[in-house]
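The structure appears below as structure tokens.
The values are calculated or read from the model by the stated rules, or taken from the named source; none is laboratory data. Keep in mind that this is a model prediction, so the values were computed, not measured. Glycine also receives a Cβ, built like all others from the backbone with ideal geometry; neighbour counts cover every protein chain displayed.
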Amino acid sequence: MWVVAEKDIAGLMTPEAAFDAVEAVFAAMARGDAWNFPVVREAIGHEDALYGFKGGFDASGLTLGLKAGGYWPNNQKHELINHQSTVFLFDPDTGRVAAAVGGNLLTALRTAAASAVSSKYLAPKGAKVLGMVGAGHQAHFQMRAAVRFGNFERIVGWNPHPEMLGRLADTAAELGLPFEAVELDRLGAEADVIVSITSSFSPLLMDGHVKGPTHIAAMGTDTKGKQELDPALVARARLFTDEVAQSLSIGEFQHAAAQKTISDSDVTALGRVITGDHEGRGDAEITIFDGTGVGLQDLAVAGAVVELARQQGKAVRVEI
Ligand code: NAD
């Protein structure tokens with residue numbers, strides 16, 4: 001099997017490779033060529049950790065495997081980040097383990113790629129202003145990918161903890177774009193594309209905040225109970241997601257679904273837009289992509305990084 005170490009991922013994985021891998025696997029899911037397996041997530045009763053697996057099989061890319069890991073809230077004492085994961089790939093012809101790949105940076109990159117892919121297909125024409133709701137670890141990755149794959153001229157940002165916005169402004173400066181911290185009503189009125197990436201459990205961006213043609217990539221809600229958007233905003237938008245069932249159960253759309261203002265027939269897999277089977281934005285004023293994070297995204301970027309590592313002689317071969 002091949003081993004690609006976490007420390008080598010940054011030098012190997014390019015934003016373009018992550019974008020292409022995620023776009024391709026969303027399309028494969030929509031064609032029915034790739035499917036995710038049921039997610040396992042358990043509180044293990046040790047170190048307050050949440051541990052689980054996300055897996056799947058992409059028959060078109062021949063990628064089979066799982067991401068194992070979770071959230072260890074006390075990891076600071078070990079000088080480790082709290083989110084820890086490893087991706088395991090298997091040979092779909094034989095079942096032999098094919099690769100073990102550090103999954104921490106890959107998770108950040110595939111999540112950033114997902115919102116950038118959604119903007120490619122759903123952003124209003126000529127989008128120039130990016131709005132960031134959130135300023136944590138993942139927000140920097142989302143901003144970098146949005147800027148790399150969009151044509152933004154300036155960034156406005158808001159965060160429930162405003163003291164965190166300074167670092168986001170530094171990232172915008174690195175990317176060569178002006179950044180302004182604003183209130184949510186200004187952000188919603190000025191931004192053409194909004195990326196929300198917080199761990200909020202109550203709505204932050206309200207229906208009244210969002211004005212004019214806008215695309216929202218709602219990326220923070222990946223668990224039951226989390227929420228970033230006003231259900232009334234969801235109810236008046238055209239809705240897209242990575243995987244419909246996951247979006248309605250643990251994603252942002254769980255809340256509007258619980259209120260019965262939307263049903264599964266209102267939500268379209270983004271892959272259908274990528275394959276040309278759905279028109280996408282059409283004449284909608286607001287589109288929302290609910291990025292819940294699926295195992296196939298992890299496998300897609302892991303498969304891409306193993307190829308890059310092998311080409312560059314950075315994959316280590318071990319017998320098992
Ligand atoms: P982080 O801890 O670095 O940052 C947390 C962010 O949420 C900050 O902006 C913080 O100000 C805000 N926040 C914290 N507590 C809050 C509260 N009670 N109410 C409102 N806002 C609050 O986390 P991160 O790594 O940036 O991740 C942000 C979110 O994205 C998390 O919910 C995480 O689970 C989710 N996530 C989703 C995916 C996906 O595929 N959809 C992937 C990775 C992370």
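So which residues in region 40-91 are among the aliphatic types (A, V, I, L, M), modelled with pLDDT under 95 and touching a helix residue (DSSP H, G or I) at 6+ places or on another chain (Cβ under 7 Å)?
I81
Could you please let me know if A237 is over 28 Å from P38 (Cβ atoms) and either under 15 Å from the mean Cα position of the chain (by Cα) or surrounded by fewer than 14 Cβ atoms within 10 Å (Cβ to Cβ) (or both)?
Judged against the criteria, A237 is not a match.
Among the numbered criteria (1) touching a Leu at 6+ places or on another chain (Cβ under 6 Å); (2) within 15 Å of the ligand (Cβ to nearest atom), which one does M219 miss?
Looking at each condition in turn, M219 falls short on (1).
Name the residue that is nearest to A114 (Cα to Cα), counting only residues in region 222-245 that are within 10 Å of the ligand (Cβ to nearest atom) and at pLDDT below 95.
If we take residues in region 222-245 being within 10 Å of the ligand (Cβ to nearest atom) and at pLDDT below 95, then D222 is nearest to A114 (Cα to Cα).
Residues to consider are G282, G303, G313, G276; find the one that is in the same structural domain as T86 (by TED's automatic domain parsing) and without any contact (Cβ under 8 Å) to a residue 60 or more places away in the chain.
When all the criteria are applied, what remains is G313.
Scan region 104-114 and give yes if some residue there is within 16 Å of the ligand (Cβ to nearest atom), closer than 17 Å to S196 by Cα and surrounded by fewer than 19 Cβ atoms within 10 Å (Cβ to Cβ), otherwise no.
Checking region 104-114: not a single residue is within 16 Å of the ligand (Cβ to nearest atom), closer than 17 Å to S196 by Cα and surrounded by fewer than 19 Cβ atoms within 10 Å (Cβ to Cβ).
Hey, any hits in region 279-291 for a residue that's at pLDDT 95 or above and under 30 Å from W2 (Cβ atoms)?
Looking through region 279-291, at least one residue is at pLDDT 95 or above and under 30 Å from W2 (Cβ atoms).
Which members of region 174-189 meet the condition of being under 23 Å from A114 (Cα atoms) and surrounded by 13 or more Cβ atoms within 10 Å (Cβ to Cβ)?
L175, L177, F179, L187, G188
Applying the selection to region 252-294, what residues are within 16 Å of the ligand (Cβ to nearest atom) and not aliphatic (A, V, I, L, M)?
E252, F253, Q254, H255, G271, F289, D290, G291, T292, G293
Mind listing whichever residues of region 111-158 are assigned to a helix (DSSP H, G or I) and β-branched (V, I, T)?
T111, V117, V147
Given G131, G95, G126, which one is away from the ligand (no atom under 12 Å from the Cβ) and either of a type in the set (A, V, I, L, M, F, W, C) or within 29 Å of L308 (Cα to Cα) (or both)?
Matching residue, one of G131, G95, G126: G95.
Looking at T171, T198, which one is farther than 18 Å from D290 by Cβ, in the same structural domain as I286 (by TED's automatic domain parsing) and surrounded by 15 or more Cβ atoms within 10 Å (Cβ to Cβ)?
Going through T171, T198 in turn, just one is farther than 18 Å from D290 by Cβ, in the same structural domain as I286 (by TED's automatic domain parsing) and surrounded by 15 or more Cβ atoms within 10 Å (Cβ to Cβ): T171.
Can you tell me which residue among G69, G56, G52, G45 is free of Cβ contacts under 8 Å to residues at least 24 places away in the same chain and either assigned to a strand (DSSP E or B) or surrounded by 19 or more Cβ atoms within 10 Å (Cβ to Cβ) (or both)?
Matching residue, one of G69, G56, G52, G45: G52.
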